[in-house]
Structures are given as structure tokens and as C-alpha cells.
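Okay, so here's the structure we're looking at.
The values are calculated or read from the model by the stated rules, or taken from the named source; none is laboratory data. All of these numbers come straight from a predicted model, not from anything done at the bench. Glycine also receives a Cβ, built like all others from the backbone with ideal geometry; neighbour counts cover every protein chain displayed. Please note that ligands, DNA and RNA were not included when accessible areas were found on the heavy atoms of the full protein model with its side chains. Shrake-Rupley method; radii C 1.70, N 1.55, O 1.52, S 1.80 Å.
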Amino acid sequence: FLAFEVEGIEGDEIDLKGLPDRAHYALSWIGIAYEVAAITGLPWNKKEYLEIKGNGKKIDIIIDHPKCNRYVGRYIGNIKTKNVVEITNNVMFTTGQPTHAFDADKIQGSIVVRTAKNEERIVTLDGKDIVLDPTVMVIADDLGPLAIAGVKGGDRAKVTDTTKNIILESAHFDAVTIRRTSNQVGIKNDSSKRFENDISPSTAIEAMHMLSALIDGEHGDIVDIYPHPAKEWIIELDPKIIS
């Protein structure tokens, strides 16, 4: 009750409601652990995933949309890990940062974050055929949209059991843009929910390190496009005034 509304308790499970003022960090296991440590005084040991050195292979990433603040990508070849999609979901629930994996062999040309063209189409992972317009931000290659940015991946480059090479995405998109797009295309999910609450752009690289550590394969170099880094703020206060 000190940090969240408690909606229910069943055995050892507590159902918490993260309100919008805390959702930018608390929709994650790390965020919850941080609050538990602060309330109880127990030590909080955040596991750090060191960067896995790349083999020099880089993917070409172009940010051509003002509402994409940061895009971190990485190629991993000859993957030995078969549950890549499950890993991306686990990383999201752990860090609060949505991530995505594309089948690299189904992509042609560069990864481009851009405005959708009028009446461009995408078939999403769940089979919806969506007509796009220039109000929507997409992740695309030379052939067209691969994903609706921050909302839903496309079917064309989805990872399957036969996928051998992947491209990982961990990005930061403008919260208002994702909220509008999510409403427009009628898709609300764990990814859009987190982006709508304006997660920190710093988690994009943290999530990429975690993803890289959990996926076995031949790691290329991390490509981190971050044109205007967010300013870090330090706030000094006297703990005595907090009660």
C-alpha cells in the first residue's frame, strides 16, 4: 500500500495496480523489486549484463522519424536458442523495455524507422491486415513495413522454429505517438502499454545487453542510434523530510 494499489491477495501472490505516475518503471520485475527494497530496507541487487563483444558485423539502421528517440539493433547469426520470442517477452517483463526479434533472412536492405505511406499495408503477427497512413510510424525495410513501431510486429519477418539468423530491436518511441497509433489501429498490448507510459530511453541498451546474454549465437556489433540523448537529472533531498 505504500507504493501501489493492491487489487487482490491470493496465497503468496499479490495483484498490484501500477498507476500512470509509476507505470514508466513499475511495469517490470526490476521496478517492483526496487520498491520492495525501498519499503523493507532489504538489499536491492540489480543484475547487470555485461556487453557481449561483437564480431564486427553491423546492421544498417536509419531513423527517419522525429518520434523515434533511440533505436538499438543487433544481428545474431547461427542462433542456438530456439525460444527467442519467449526471451524477448521475459526481457520486457523484467526490465519494462519492449523488444522485438526479426528473422534476418527475411529482411532486405536497411532497417528504417519512418512514416508509413498512404494506404501501405501490413499483416500483423496475429493475422490482422491493417491499412496504414502517414500518421503511423513503422519499422521497414526495402520491401515495406516490418512492424508498427511500438505496437505490433509484422508477419513477413516473424521468427519461427526454422529461423537461423535474427535482428534484435530495443528502441524508445514517443509516448503520445504510440498511444495514438495504438488507438488508431485498435491494438492494445503489453508493448504499447509500456511505451505509452514513457519508459526511460536508458533501458533500451540495458535490455539489449540482457537479450544478447540470453541468446546463444554469433553476435554482431550493437548499433545504437541515439541522436539526442536524454539529460540525466540529479535531485538532492533530505531523507528526513520524507515520511
Problem set entry | Matching residues in the stretch 155-206 - criterion: being of a type in the set (Ser, Thr, Tyr) and in contact (Cβ under 8 Å) with a residue 40 or more places away in the chain | THR160, THR163, SER170, THR177, THR181, SER191, SER192, SER200, THR203
Seminar exercise, completed: Cβ pairs under 7 Å, 6+ apart or interchain, first in the stretch 19-31 and under 17 Å from ASN45 (Cβ atoms), second open to solvent by 70 Å² or more (accessible area, probe 1.4 Å) and assigned to a helix (DSSP H, G or I), ordered by first then second residue, are SER28/PHE93; TRP29/PHE93
Exercise. Name the pairs whose Cβ atoms lie under 7 Å apart, with the first residue in the stretch 218-234 and more than 14 Å from TYR71 (Cβ to Cβ), the second assigned to a loop (DSSP other than H, G, I, E, B) and open to solvent by 60 Å² or more (accessible area, probe 1.4 Å), and 6 or more positions between them or separate chains?
Worked result: GLU218/ASN55; GLU218/ASN78; HIS219/ASN55; GLY220/ASN55; GLY220/LYS57; GLY220/LYS58; ASP221/LYS57; ASP221/LYS58
Exercise. Within the group SER170, SER191, SER182, which residue is modelled with pLDDT of 95 or more, more than 26 Å from LYS53 (Cα to Cα) and under 12 Å from the mean Cα position of the chain (by Cα)?
Worked result: SER191
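Go over the candidates ASP142, ASP129, ASP155 one by one and state the one that is at pLDDT 95 or above and either under 22 Å from ARG22 (Cβ atoms) or touching a Lys or Arg at 6+ places or on another chain (Cβ under 8 Å) (or both).
So the residue among ASP142, ASP129, ASP155 that is at pLDDT 95 or above and either under 22 Å from ARG22 (Cβ atoms) or touching a Lys or Arg at 6+ places or on another chain (Cβ under 8 Å) (or both) is ASP129.
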Seminar exercise, completed: Checked against (1) modelled with pLDDT under 90; (2) closer than 13 Å to PHE173 by Cα, LYS231 satisfies every condition except (2)
